[in-house]
1. If you take the residues in segment 233-242 that are open to solvent by 10 Å² or more (accessible area, probe 1.4 Å) and in contact with a helix residue (DSSP H, G or I) (Cβ under 8 Å, 6 or more places away or on another chain), which one is farthest from Ser166 (Cα to Cα)?
2. Inspect segment 216-227 for any residue being of a type in the set (A, V, I, L, M, F, W, C), in a loop (DSSP other than H, G, I, E, B), closer than 25 Å to Glu163 by Cβ and touching a residue at least 12 places away in the same chain (Cβ under 8 Å) and give the result as yes or no.
3. Residues of segment 191-209 being part of a strand (DSSP E or B), out of contact with any Phe, Trp or Tyr (no Cβ under 6 Å at 6 or more places or on another chain) and either surrounded by fewer than 21 Cβ atoms within 10 Å (Cβ to Cβ) or at positive phi (or both), which ones?
4. Restrict the check to segment 152-166 and report whether at least one residue is under 16 Å from the mean Cα position of the chain (by Cα), of a type in the set (A, V, I, L, M) and more than 30 Å from Lys2 (Cβ to Cβ).
5. So which pairs qualify, if the first residue must be in segment 56-76 and within 17 Å of Lys242 (Cβ to Cβ), the second must be of a type in the set (Val, Ile, Thr) and open to solvent by 50 Å² or more (accessible area, probe 1.4 Å), the Cβ gap must be under 8 Å, and the two must be at least 6 apart or on different chains?
6. Could you give me the residue pairs with C-beta distances under 6 Å whose first residue belongs to segment 243-270 and is outside any strand (DSSP E or B), whose second residue is among the basic types (Lys, Arg) wherever it lies, and which are 6+ apart or on separate chains?
7. Residue pairs, Cβ under 7 Å, 6 or more apart or interchain, first in segment 168-180 and in contact (Cβ under 8 Å) with a residue 24 or more places away in the chain and over 30 Å from Leu21 (Cα atoms), second β-branched (Val, Ile, Thr) and assigned to a loop (DSSP other than H, G, I, E, B). List them.
8. Out of Phe258, Phe245, Phe276, report the one residue that is within 16 Å of Thr142 (Cβ to Cβ) and surrounded by fewer than 20 Cβ atoms within 10 Å (Cβ to Cβ).
Amino acid sequence: MKDKILITGCNGQLGSELAKLLPQAILTDVDTLDITNPQAVSDFVKQNNVDLIINCAAYTAVDKAEDNPELAAKINIDGPKNLALSGAKIIHISTDYVFEGTNCRPYEPEDETNPVSVYGKTKLAGEQEVLKHAKCAIIIRTAWLYSPYGGNFVKTMRKLGAEKESISVVNDQIGTPTCAADLAQAIVEIIPQMNESNKGVYHFSDEGVCSWYDFAHEIMALSKLDCLVKPIPSSAYPTKAKRPFYSVLSKEKIKNTFHIEIPYWKDSLVKCLKQF
């Protein structure tokens, strides 16, 4: 791959998977590059002759964002804007939280957005900054990301499953789990095909549909954990930030544009759990 690539947020779930697939990439995290500092970003990109930035850096603490809107905005809006203004091509990772979650069919990238949380609002504004300032940009919205790295639902369920006889998980929020390794592989396949004509917003998650309850049930079964998973409505588990009830993403655009194949979520979960 001839592009000189910078991966921001390299210590996160997706950044860790990308680092394995792109060993020549420059890796930065908050301690080595402050993306909220425009001068620092500009200098870093110039000094390192960066051609392409894959921005995995984000403020992702959904509930905490409700109490820290300024910090969430700094990282999720100003950061992507600074990266986009650097002149490099950019692949920017976004989220299903840009949608309200009231659909009954998979969301297309062009569907109307209406985020219902601070996190969702800042991520949407970050997308808009990237599209406004970068000549060559791909926005990838993803959902329900998990991996052997960082904190995520799979790790939490396995921990609880080993400690408890039963747990309750919401069964009325519907989406698709996404193995970070699958998204990383898709990004690697997209890179050589990027140009100004396919600039825009795309969706990626693994194939299939389930609830958080279904996901938890599958994690326990595959991990051979004898923990009963009980379904509950979201109303029984109130959170500070509102979640989209339905956030299944349509992948037709990304599949047709970049000719990538996407695995079924259960198959990817089996593969991922072998690494735990």
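The values are calculated or read from the model by the stated rules, or taken from the named source; none is laboratory data. Model, not experiment: these values are computed from the prediction. Quick reminder, even Gly has a Cβ in these numbers, built from the backbone with ideal geometry, and neighbours come from all protein chains shown. Surface accessibility is based on the protein's heavy atoms, side chains included, excluding ligands, DNA and RNA. Shrake-Rupley method; radii C 1.70, N 1.55, O 1.52, S 1.80 Å.
1. So in segment 233-242, the residues open to solvent by 10 Å² or more (accessible area, probe 1.4 Å) come out as 233-240, 242.
This time we only want the ones that are in contact with a helix residue (DSSP H, G or I) (Cβ under 8 Å, 6 or more places away or on another chain), so: 239-240.
Numbers: Thr239: 21, Lys240: 24 Å.
Taking the candidates together, the pick is Lys240.
2. Keep residues of segment 216-227 that are of a type in the set (A, V, I, L, M, F, W, C), which gives 216, 219-222, 225, 227.
Keeping just the survivors that are in a loop (DSSP other than H, G, I, E, B) gives 225, 227.
Filter once more, so that each one left must be closer than 25 Å to Glu163 by Cβ: 225, 227.
Going one step further and asking which of them are touching a residue at least 12 places away in the same chain (Cβ under 8 Å), we end up with 225, 227.
Checking segment 216-227: at least one residue is of a type in the set (A, V, I, L, M, F, W, C), in a loop (DSSP other than H, G, I, E, B), closer than 25 Å to Glu163 by Cβ and touching a residue at least 12 places away in the same chain (Cβ under 8 Å).
3. Gly200, the sole residue that qualifies.
4. Kept after step one, since they are under 16 Å from the mean Cα position of the chain (by Cα), are these residues of segment 152-166: 152-154.
Restricting the remaining residues to those that are of a type in the set (A, V, I, L, M) gives 154.
This time we only want the ones that are more than 30 Å from Lys2 (Cβ to Cβ), so: 154.
Yes, the conditions are met somewhere in segment 152-166.
5. Once the first residue is within 17 Å of Lys242 (Cβ to Cβ) and sits in segment 56-76, its partners that are of a type in the set (Val, Ile, Thr) and open to solvent by 50 Å² or more (accessible area, probe 1.4 Å) give Val62/Thr239; Asp63/Thr239.
6. Ile262/Lys251
7. So the pair list comes out as Ile174/Val209; Ile174/Val248.
8. Working: Phe245 fails: within 16 Å of Thr142 (Cβ to Cβ); Phe276 fails: within 16 Å of Thr142 (Cβ to Cβ).
So the residue among Phe258, Phe245, Phe276 that is within 16 Å of Thr142 (Cβ to Cβ) and surrounded by fewer than 20 Cβ atoms within 10 Å (Cβ to Cβ) is Phe258.
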